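A.B. asks: Structure incoming, see below.
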Amino acid sequence: MAIPSGSGTEVLKRVTVHGNNNGWNTNVITVPSNHIYTLLSIVFCEVAAESGKIISIRVNDGTNDINLLLNQSVGSYGTFVFSDKFIMTAGDILKVENSSSNGDWWITYIDQDWT
């Protein structure tokens, strides 16, 4: 994608994953052409009363899965907030994983649309 020189829009958005069951959700967000996403926060809540569970976050850059958070422990009914900001560009794919049988994800981001 070329560096935008015209007008565009910036919109706050969110995406949710309800009841992710013990594995990877491999297509939480896919960035379309002529968009830049700035991820603001990713919140995970363990809702299955299972202690000692882990979560992981990755972004596929079109070629490789890049680990942003790997094997973070979350307790029974625990909540974890990943609040480091990062950008995703066209073709990038956000992936999340939890090892509990029931986990909820809440992801907020800014969508810069240059279409």
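The values are calculated or read from the model by the stated rules, or taken from the named source; none is laboratory data. Computed from a predicted model, the values in this text were never measured in an experiment. Cβ: placed from backbone, ideal geometry, glycine included. Neighbour counts: every protein chain shown.
A.B. asks: So which residues in the range 58-115 are touching a residue at least 24 places away in the same chain (Cβ under 8 Å) and on the phi > 0 side of the Ramachandran plot?
C.D. replies: Gly62, Tyr77, Gly91
A.B. asks: Just for the range 62-115: of the residues that are hydroxyl-bearing (Ser, Thr, Tyr), out of contact with any His (no Cβ under 8 Å at 6 or more places or on another chain) and not in a strand (DSSP E or B), which one is surrounded by the fewest Cβ atoms within 10 Å (Cβ to Cβ)?
C.D. replies: Restricting to residues being hydroxyl-bearing (Ser, Thr, Tyr), out of contact with any His (no Cβ under 8 Å at 6 or more places or on another chain) and not in a strand (DSSP E or B), the top hit is Thr63.
A.B. asks: Okay, moving on. If I go through the range 16-32 residue by residue, how many of them are out of contact with any Leu (no Cβ under 9 Å at 6 or more places or on another chain) and crowded, with 17+ Cβ neighbours inside 10 Å?
C.D. replies: 1
A.B. asks: Thr9 is checked against (1) at pLDDT 95 or above; (2) loosely packed, with under 14 Cβ neighbours inside 10 Å and fails just one. What number does that condition carry?
C.D. replies: In the conditions (1) at pLDDT 95 or above; (2) loosely packed, with under 14 Cβ neighbours inside 10 Å, Thr9 misses (1) alone.
A.B. asks: Next up: Do you know which residues across the range 33-47 are free of Cβ contacts under 8 Å to residues at least 60 places away in the same chain and surrounded by fewer than 16 Cβ atoms within 10 Å (Cβ to Cβ)?
C.D. replies: none
A.B. asks: Restricting the search to the range 82-115, which residues are over 19 Å from Gly19 (Cβ atoms), modelled with pLDDT of 95 or more and among the β-branched types (Val, Ile, Thr)?
C.D. replies: Ile87, Thr89, Ile93, Thr108, Ile110
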